[in-house]
1. Starting from the stretch 62-76, take each residue that is in contact (Cβ under 8 Å) with a residue 24 or more places away in the chain and list its partners that are outside any helix (DSSP H, G or I) and crowded, with 23+ Cβ neighbours inside 10 Å, counting only C-beta distances under 6 angstrom and pairs at least six apart or across chains.
2. Does the stretch 52-65 contain at least one residue that is in a helix (DSSP H, G or I) and within 26 Å of M224 (Cα to Cα)?
3. Can F46 be described as at pLDDT below 95 and hydrophobic (A, V, I, L, M, F, W, C)?
4. Could you tell me which of the residues F170, F186 is at pLDDT 90 or above and open to solvent by 60 Å² or more (accessible area, probe 1.4 Å)?
5. In the stretch 83-90, is there at least one residue being in contact with a Lys or Arg (Cβ under 7 Å, 6 or more places away or on another chain), open to solvent by less than 80 Å² (accessible area, probe 1.4 Å) and over 17 Å from S18 (Cα atoms)?
6. Going by the structure shown, is F46 farther than 30 Å from S180 by Cβ and either touching a residue at least 40 places away in the same chain (Cβ under 8 Å) or buried (at least 16 other Cβ atoms within 10 Å of the Cβ) (or both)?
7. Do you know which residues across the stretch 119-163 are under 17 Å from the mean Cα position of the chain (by Cα), closer than 13 Å to F94 by Cβ and open to solvent by 20 Å² or more (accessible area, probe 1.4 Å)?
Amino acid sequence: MTIKSRNRLYLAFSIFASSVLIFELIFFIFYLATGRFNINSLPDTFFDRTGLFIFRTNPVFAFAGIFALLVYTTSVSIIILNTFEKTQAPDIMFFMIFLIACISDSFRIFIPLFNLPLSYSHLLIIIGNTTLFAEILAPLSLLGMNTLCSEEHRKDLDKNCLIIVIASLFITNFMSLTTSKILPNFGVSYGYKNTIETTTFLIMLANIFTIAVKCAKNELSQMMTAGFAAMSIGYTVLFHCSNLFACCIGFLFSMTGTLVFLFQIHKQYNWND
C-alpha cells in the first residue's frame, strides 16, 4: 500500500470515527430530551450508593466512559492523519485496527438506551457479540503491531491485519453470551470471562515486555514502553468503566500514553528515514 493510499485510509477513518462520536452523542441527547430513556429507570444493580463517591458504580459514568473512549478514538485518528502523512509506518495499520476495536466497544451504549437489560432480543445478542469482538480484537491488534512489523513481515502487512480480524471474529463466534447478566459498564457478560480477561492481561504484559526488549536492543528510549503501558491500562479501564475514578484515570492514561507512544514511533521512523 502506497503512502498516498494510506493517507486516504487515515482520512476516511478519522471521518468515520468523528461520525460515530457525533451520531452516538446526538442519539443519546435525543433519547434523553424526548423522555425515551431515563437513567433512574435502570435496575438497581447499576447503582452503588455505598463507599466513596469516586468509586461508586453509576450509569452516568458508564456513559461518560463510552464517550471518553469515542473522544479518544477520534482525537487519535486525527493525530495520526496529521502526523504520519509522510511516514511509512506499518505499526499504524495495526493501531487503526485497535481503534476499530475501541469504536466497536462503544456500541454498548445502545443496550440501556433501547432498554435491553430487561429483555432478550437479537439486537442484544448483536451488540453483545460486537463488544466481545472488540475486547478480543484490541489486544490482538496491539500484539500484531509489536510482532508483525519487522522487515520480513512488511510485505504481508495487509494479510496479517486481515488474519487478526478474522481470528477475533472466529473466537467471538465460539463464545457464548450470558444475556441475562448485563454488567455495570453496559456490556453483556459471557462464558469463560475470567479466562479471556486473564489472557488479555498476559498479552498486555507480553506486549510491554516485547517493546521494552526492542527498545533496549535498538537503543531507543524506554518512553515508548512507558507510553504503551499507560495506553494499555487506560483503554482497558475505559472498556470496563462504570465509576468516576475509572473514567478519569482511563481517559488520562489512554490519551497521555498514546501521545507518548505515537511520538516515539514517529521519531523512530523519521530517524530511520
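1. Note: pairs meeting the criteria are A62/N185; A62/F186; A62/S242; G65/C241.
2. yes
3. Taking the combined requirement at face value, the residue satisfies it.
4. Of the residues listed, the single one that is at pLDDT 90 or above and open to solvent by 60 Å² or more (accessible area, probe 1.4 Å) is F170.
5. So far as the stretch 83-90 goes, yes, one or more of its residues are in contact with a Lys or Arg (Cβ under 7 Å, 6 or more places away or on another chain), open to solvent by less than 80 Å² (accessible area, probe 1.4 Å) and over 17 Å from S18 (Cα atoms).
6. No: the conditions fail for F46.
7. Within the stretch 119-163, L140, L143 meet the criteria.
Here is a yes/no grid of residues against (1) within 26 Å of F110 (Cα to Cα); (2) of a type outside the set (S, T, Y):
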{"site": "Y190", "(1), (2)": "yes, no"}
{"site": "K217", "(1), (2)": "no, yes"}
{"site": "A246", "(1), (2)": "yes, yes"}
{"site": "S254", "(1), (2)": "yes, no"}
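The values are calculated or read from the model by the stated rules, or taken from the named source; none is laboratory data. Bear in mind that the values here come from a model prediction, so they are computed numbers and not experimental data. In this analysis, Cβ positions are derived from the backbone assuming ideal geometry, glycine residues included, and neighbour counts consider all displayed protein chains. Areas reflect the complete protein model, heavy atoms only, side chains present, ligands, DNA and RNA absent. Shrake-Rupley method; radii C 1.70, N 1.55, O 1.52, S 1.80 Å.
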